[in-house]
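The values are calculated or read from the model by the stated rules, or taken from the named source; none is laboratory data. Everything numeric in this text was worked out from a predicted model, so none of it was measured. Here the Cβ positions follow ideal geometry from the backbone for every residue, glycine too, while neighbour counts run over all protein chains shown. Side chains included, ligands, DNA and RNA excluded: accessible areas come from the protein's heavy atoms. Shrake-Rupley method; radii C 1.70, N 1.55, O 1.52, S 1.80 Å.
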Amino acid sequence: MPFMTQPVRSSLQESLTALTLAARGSVAPAALECGDGGLALYRAIAEQLPRGAVFVVDQTLRYVLAAGTGLNISGFVPADFEGRSLREALPSDLLTQHTEDYRAILGGASIVREHQVGGHWYASHGVPLADEHGHVHAALVVSYDITERKRAETRLHLLDRLAGEIRAAAGPDDIAAAACGLIAEVCGAVRCAVARVHGELGAVELDGVVLAEFGAGVVARLARGETVQTGAPPMTPAAAYVLVPHMAAGRPAGITAIVAHAGRTWRAEDLALADEIADRAWVHMDRLWLMDALQEADRCKDQFLAALAQQLRSPLSVVRNSLALLGRPGSAVMPEAVVALMERQFGHMNRLIEDVLDTSYICYGQAQLKRHRLVLQEAVLAAVDAARALVSARTHQLSVAMPREPIMLSADPTRLAQAFNGVLANAIKYSRAPARILVEVELHGAQALVRVTDDGIGMSPRTLARLFELFTRVDDKGAPVPGGGLGVGLWIARQLVEAHGGRIAADSRGPDLGSTFTITLPVEAGAGMNKPANK
């Protein structure tokens, strides 16, 4: 991005050309003198320089002239220089280099240098001022602000380095580390943390702090896509935070936290660059995560198809053998028993096909809710009654505890029962006989809880993390879980519960220590009848 318009550049170039000619004795001698006429010329040149300054220093290294808006930008005024020596006028960090430059100019050399003063970058052109005999009697330096150009150069350099790190990265963690390193170069001593948003935004943890601890206002601003500067939450170590949300489909998909010492102030240009680095890094991290997810989905799809083929093969073999028995002349097999056996196998195949169809409908947003006003206890009891045959077959004990006062919901009774059935079937299937299964219904304010607790095989934290994902039917070692199935039941249950405006969660103390599934539903009817199930 240009830091000057073309007319300004032309004016500056003309001024510098005039100064060069003057230094070479190509203009009238009066223009070379440091008298009132010469100084007036240089002041006029200073007025033409946007964000620039003109300095004249004599052979004693004393400022004869200092003028231009660039002085004010750097926090100076002409009186800080004029009539004073370099040693008296300049800060210690500038004195050595400027003294060398002015001595070189007074010795007849011309200089071009870029340097930083007061947080701003300047390009300085210096030429000697000589009389008609070629004797140098003063040094003339014209400086103009190139801060915007330097910032653009720095930005491009850092982004180019980030691109190189991204190309060389083995995974998202490498990209995050590279981005944090570059942000530290921009902002100074800081540390960074990056987190993905999977559920509630307030539950995201960054640098050991949960976002909800910053307060509802900070979480709301992040949800709108705003970068937030804030102090540390109460009861946490003092620090200064910059929280950068990374948006996808209008919602935060991730958060980058930049953390510095308490009381730290941030320059707007530094924050803008740090924000851009964090966003660019996030895009590529998200791409790698998506590629991993696609590979995992492809692997799960293969497992699903293999499981479906295996689940269908068994009942089909039973039906085929049963038909062979019925067709064998003189067989002593009771036809009624064989037909009942085939009906059970056809029922099993029908349930498998319904699971596949439900998965397809939900994935494509075609599963509709037909809401009615219903009593939650009745819906739970219906699901329990439907499961009692399977409970008896496995010699489990199933008990129910619920309040007598009706809990009213606006829900699709069929889809809600399907969700309850999925959770109950999971508890029955993964509990070793004889097991105890407890179904509880509770009312908490405007929310109803349906809790299913078993003393079955339990789950590890790794299994819990993947429990509600599609096609999940393997244990921590990748082996098929006992009990079979397609790995879609709990995923379907979650989609149906969330379509009702609720949520489902699971907990377990570990393998062989049982599990608890909790379904939370809003008691009051929500808006949106016939709302499609979430994908």
For this session: At a 1.4 Å probe radius, which order do 429, 370, 301, 150 fall into by accessible area, largest first?
Result: 370, 301, 429, 150
Seminar exercise, completed: Residue separation between residue 226 and residue 334 times 0.36 nm, minus their alpha-carbon distance, gives in nm 31.5 nm
Exercise. Stretch residue 283-residue 160 to full length: gain in nm at 0.36 nm per residue minus the Cα-Cα span?
Worked result: 42.7 nm
Exercise. Ignoring any ligand, DNA or RNA, what whole percent of the accessible area of the range 211-344 comes from carbon and sulfur when the probe is 1.4 angstrom?
Worked result: 61
For this session: Pop out the ³J(HN,Hα) list for the range 254-261 in order, Karplus 6.51 cos²θ - 1.76 cosθ + 1.60 with θ = phi - 60°, rounded to Hz; leave Gly and Pro as x.
Result: x, 9, 10, 10, 10, 10, 9, 5
Exercise. Counting Lys +1, Arg +1, Asp -1, Glu -1, what net charge surrounds residue 451 among other residues with beta carbon under 12 Å of its beta carbon?
Worked result: -4
For this session: Please give the solvent-accessible surface of residue 420 in Å², to the nearest 10, using a probe radius of 1.4 Å with every protein chain present.
Result: 10
Exercise. How high is the FRET efficiency between residue 354 and residue 216 when r is their beta carbon distance and R₀ equals 30 Å, given to the nearest 0.05?
Worked result: 0.10
Problem set entry | Under-5 Å amide H pairs with residue 371, H placed in peptide plane, nonlocal only | 530
For this session: Any chance you could check the Cα centroid distance between the range 227-272 and the range 83-152 for me, in angstrom?
Result: 40
Exercise. In nanometres, what is the gap between the two model label sites at residue 132 and residue 296, each 7 Å from Cα along Cα-to-Cβ?
Worked result: 8.7
Exercise. Between residue 40 and residue 207, what FRET efficiency follows from the Cβ-Cβ distance if R0 is 51 Å, with the result rounded to 0.05?
Worked result: 0.30
Exercise. So, counting K/R as plus one and D/E as minus one, what does the shell of residues with Cβ under 11 Å around residue 73 add up to?
Worked result: 0
For this session: Return the distance in nm (one decimal) between the two label points of a simple spin-label model at residue 392 and residue 168, each offset 7 Å from Cα along Cα→Cβ.
Result: 7.0
Problem set entry | Long-range amide H partners of residue 254 with built H, under 5 Å | 197, 246
Seminar exercise, completed: Computed ³J(HN,Hα) along the range 165-178: with the Karplus parameters 6.51/-1.76/1.60, θ = phi - 60°, integer Hz and x for glycine or proline, the list is 5, 5, 5, 8, 5, 8, x, x, 5, 5, 5, 4, 5, 5
Exercise. If you plug each phi of the range 112-120 into the Karplus form 6.51 cos²θ - 1.76 cosθ + 1.60 with θ = phi - 60°, what whole-Hz ³J(HN,Hα) values come out, in order, with x for Gly and Pro?
Worked result: 9, 9, 10, 8, 10, 9, x, x, 10
Seminar exercise, completed: Residues whose modelled amide H sits under 5 Å from the amide H of residue 448, counting only those 5 or more places away in sequence or on another chain, are 521, 523
Exercise. Among 176, 152, 164, whose Cα lies farthest out toward the positive end of the dipole of the range 130-235, if unit charges sit on the beta carbon of Lys, Arg (+1) and Asp, Glu (-1)?
Worked result: 176
Exercise. How large is the accessible surface per residue of the range 202-290, computed with a 1.4 Å probe and reported in Å² as a whole number?
Worked result: 47
